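The values are calculated or read from the model by the stated rules, or taken from the named source; none is laboratory data. Here the structure is a predicted model, which means the values were calculated and not measured. Neighbour counts run over all protein chains shown; Cβ positions are idealised from the backbone, glycine included. Just so you know, the surface numbers come from the protein's heavy atoms only, side chains and all, with ligands and any DNA or RNA stripped out. Shrake-Rupley method; radii C 1.70, N 1.55, O 1.52, S 1.80 Å.
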Amino acid sequence: MTPEKTFYLETFGCQMNAHDSEKVIGTLRERGYRQVESEEEAGLILYNTCSIRDKAEQKVFHRLNDYKRLHKEGKRFGVLGCVAQQEGENIFARAPHVSLVSGSASYRKLPEMLARLEAGETRITGLDDRQTEETFETEFTARQNPYRGYITIIEGCDKFCSYCVVPYTRGKERSRSSSSVLEEARRIAGLGYTEIQLLGQNVNSYRDPEGKCSFAELLAAVGQVPGIRRVRFTTSHPRDFTRDIVEAIDAVPTLCDHVHLPVQSGSARVLKMMAREYTPEWYLERIGWIKAARRTISISTDIIVGFPGETEDDFMQTMELLAEVEYDCVFAFKYSARPNTPALVMIDSVPDVEKSNRLQVLLDRQREIQRVNYSKHLGQILEVMIEGQNPARGQISGRSSQNKPVNFTCSQPIAPAPGSYVQVRITATGPNSLTGVAV
Ligand code: 5AD
Ligand code: SF4
């Protein structure tokens, strides 16, 4: 009898990575592998890695080191994702117990790579596909999220912002055909999902290879798939953000009231060094379109503080933009130099203490902005999709269409299931969440 094939997979990084893992899990299951919950139980240990910032990257090497001893028991190790693509065969030198190193652009070849692994090969790589025109599509996706169905519409990135590893790790931009996206949306709806999230490093630079529709048209079409009640999309580059996206949100009720539009900096000078190819004015014009919509659309963003050469005055301009836009959510990061990127040669001039200081100033200000924004929901009735519950506190948690976390109580003895919808009256608000009761 052949021994049972088991795998353990841990995922780091963004939603793209989380969804890639769903496809990798499906591919492994299709080859007869069973997923287990710990490294100790598994025959094959996989890490799907992230290298967006220094800290994210360190994690995988710590993990590989922590579990090195298991190699003696015959367990095999594989590194997938962005660190795999970035470090390539250096991983074999740094962690000789690793047998498989593959970037996301090579996942199409996973069945072949797994066959080689099973045959006993110990130096298998999938690193040469960054220029591919093909996307990784599989009917075997093992959806792990019980309430949100992810669909990749575009892979890779051609923007080459000067600080960013993604074009190097995920490769060239390539879009999936609109008919295959819509087919997957219908399949997901058939599985009972009512929320879809369209994914890509830059969803609005979507170009339908069949030439049938623009990103906004695809968004609207997904929103009209029977059974779908919520559609989200992430992430957007301001360069490609067109007005018809706002028009689609206004026209199609299932498209959520939320746009994530990373600005990165409020200083024209810094934006230029970042190679973002827009000015703060140009960005604010797009914010103006979003704010002029008939629906109240929530806006969130990403910001980097302490980019090489960022002065106190540049940072103040970011603070001014923050106050002007009044975001509902901000993901802010200290700049960290990344391998291969153009910014690597720039002098990382802002000392780490100053980066931390700017980050704190920004987050403190943002907290106050959110406190005011969230307080506007007091007394409103919002539709909440349930995501989980905290029995200890007797609370159910979910999100509004605007993506705001809502914690609420329900007088029914049995709490409604994740993925179902409840009308909630908001009775209290804080800077990061809303509290209420089911009505
Ligand atoms: N340093 C700090 N933050 C970064 N991001 C991307 N690259 C870097 C970097 N080198 C941030 C950006 C991006 C988000 C996903 O991560 O804000 O939008
Ligand atoms: Fe991390 Fe970027 Fe790769 Fe996502 S695409 S896993 S954020 S490096």
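Among the residues that make up region 198-207, is at least one of them in contact with a Ser or Thr (Cβ under 9 Å, 6 or more places away or on another chain), open to solvent by less than 30 Å² (accessible area, probe 1.4 Å) and among the aromatic types (Phe, Trp, Tyr)?
yes
Identify, by number, the condition in (1) free of Cβ contacts under 8 Å to residues at least 60 places away in the same chain; (2) among the aliphatic types (A, V, I, L, M); (3) more than 16 Å from ligand 2 (Cβ to nearest atom) that Met346 doesn't meet.
That leaves (1) as the condition not met.
For Ser356, are the conditions met, namely being polar (S, T, N, Q), open to solvent by less than 50 Å² (accessible area, probe 1.4 Å) and under 30 Å from Ala417 (Cβ atoms)?
Working: polar (S, T, N, Q): yes; open to solvent by less than 50 Å² (accessible area, probe 1.4 Å): yes; under 30 Å from Ala417 (Cβ atoms): no.
When the stated conditions are applied, Ser356 does not pass them.
Just a yes or no: is a residue in region 424-436 part of a helix (DSSP H, G or I), in contact with a helix residue (DSSP H, G or I) (Cβ under 8 Å, 6 or more places away or on another chain) and β-branched (Val, Ile, Thr)?
Restricting attention to region 424-436, the residues satisfying the condition of being part of a helix (DSSP H, G or I) are none.
Looking through region 424-436, none of the residues is part of a helix (DSSP H, G or I), in contact with a helix residue (DSSP H, G or I) (Cβ under 8 Å, 6 or more places away or on another chain) and β-branched (Val, Ile, Thr).
Exactly one condition in (1) of a type outside the set (S, T, N, Q); (2) in contact (Cβ under 8 Å) with a residue 12 or more places away in the chain; (3) more than 16 Å from ligand 1 (Cβ to nearest atom) is not met by Ala392; state its number.
Of everything listed in (1) of a type outside the set (S, T, N, Q); (2) in contact (Cβ under 8 Å) with a residue 12 or more places away in the chain; (3) more than 16 Å from ligand 1 (Cβ to nearest atom), Ala392 misses just condition (2).
Which one of the conditions (1) touching a residue at least 60 places away in the same chain (Cβ under 8 Å); (2) within 22 Å of the chain's Cα centre (by Cα); (3) crowded, with 16+ Cβ neighbours inside 10 Å does Arg108 fail to meet, given that it meets all the rest?
Among (1) touching a residue at least 60 places away in the same chain (Cβ under 8 Å); (2) within 22 Å of the chain's Cα centre (by Cα); (3) crowded, with 16+ Cβ neighbours inside 10 Å, Arg108 violates only (1).
Do we have any residue at all in region 201-219 that's of a type in the set (A, V, I, L, M, F, W, C), part of a loop (DSSP other than H, G, I, E, B), away from ligand 1 (no atom under 16 Å from the Cβ) and touching a helix residue (DSSP H, G or I) at 6+ places or on another chain (Cβ under 8 Å)?
yes
How many residues are open to solvent by 40 Å² or more (accessible area, probe 1.4 Å) and among the hydrophobic types (A, V, I, L, M, F, W, C) if we restrict to region 290-322?
Here is the first cut: in region 290-322, the ones open to solvent by 40 Å² or more (accessible area, probe 1.4 Å) are 291-292, 294-296, 311-313, 316-317, 320.
Filter once more, keeping what is among the hydrophobic types (A, V, I, L, M, F, W, C): 292, 316.
The qualifying residues number 2.
Take Glu10 and tell me if it is open to solvent by 50 Å² or more (accessible area, probe 1.4 Å), away from ligand 1 (no atom under 16 Å from the Cβ) and not aromatic (Phe, Trp, Tyr). Even if it seems obvious, please write down each step before you answer.
Details: open to solvent by 50 Å² or more (accessible area, probe 1.4 Å): no; away from ligand 1 (no atom under 16 Å from the Cβ): yes; not aromatic (Phe, Trp, Tyr): yes.
Criteria not met by Glu10.
Residues that are among the hydrophobic types (A, V, I, L, M, F, W, C) and more than 16 Å from ligand 2 (Cβ to nearest atom): list the helices (runs of 4 or more DSSP H) wholly contained in region 1-87 that include at least 2 such residues. I'd like the intermediate steps shown before the answer.
On the way: elements: 15-30, 54-66, 82-87.
Result: 15-30.
State whether the residues of region 29-41 include one that is under 22 Å from Ala119 (Cα atoms), hydroxyl-bearing (Ser, Thr, Tyr) and either outside the structural domain of Leu117 (by TED's automatic domain parsing) or open to solvent by 10 Å² or more (accessible area, probe 1.4 Å) (or both).
Yes, some residue in region 29-41 is under 22 Å from Ala119 (Cα atoms), hydroxyl-bearing (Ser, Thr, Tyr) and either outside the structural domain of Leu117 (by TED's automatic domain parsing) or open to solvent by 10 Å² or more (accessible area, probe 1.4 Å) (or both).
Scan region 44-56 and report the pairs whose first residue is not assigned by TED's automatic domain parsing to the domain that holds Met16 and whose second residue is more than 9 Å from ligand 1 (Cβ to nearest atom) and open to solvent by 10 Å² or more (accessible area, probe 1.4 Å), with Cβ atoms within less than 8 Å and a gap of 6+ or a chain change.
none
Arg399 - would you say it is open to solvent by less than 20 Å² (accessible area, probe 1.4 Å) and basic (Lys, Arg)?
no
Quick one: Gly81 ticks every box in (1) closer than 20 Å to Glu134 by Cα; (2) more than 19 Å from the chain's Cα centre (by Cα); (3) surrounded by 14 or more Cβ atoms within 10 Å (Cβ to Cβ) bar one, so which box is it?
(2)
Applying the selection to region 323-343, what residues are aliphatic (A, V, I, L, M), under 17 Å from Val361 (Cβ atoms) and open to solvent by 30 Å² or more (accessible area, probe 1.4 Å)?
Ala323
To keep it simple, each residue is scored yes or no on (1) within 15 Å of ligand 1 (Cβ to nearest atom); (2) crowded, with 16+ Cβ neighbours inside 10 Å.
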{"position": "Pro226", "(1), (2)": "no, no"}
{"position": "Thr234", "(1), (2)": "yes, yes"}
{"position": "His237", "(1), (2)": "yes, yes"}
{"position": "Glu247", "(1), (2)": "no, no"}
{"position": "Val252", "(1), (2)": "no, yes"}
{"position": "Val263", "(1), (2)": "yes, yes"}
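Looking at Ser51, Ser21 in this structure, which one is more than 16 Å from ligand 1 (Cβ to nearest atom), within 30 Å of Phe331 (Cα to Cα) and either among the acidic types (Asp, Glu) or modelled with pLDDT of 95 or more (or both)?
Result: Ser21 is the single residue among Ser51, Ser21 that is more than 16 Å from ligand 1 (Cβ to nearest atom), within 30 Å of Phe331 (Cα to Cα) and either among the acidic types (Asp, Glu) or modelled with pLDDT of 95 or more (or both).
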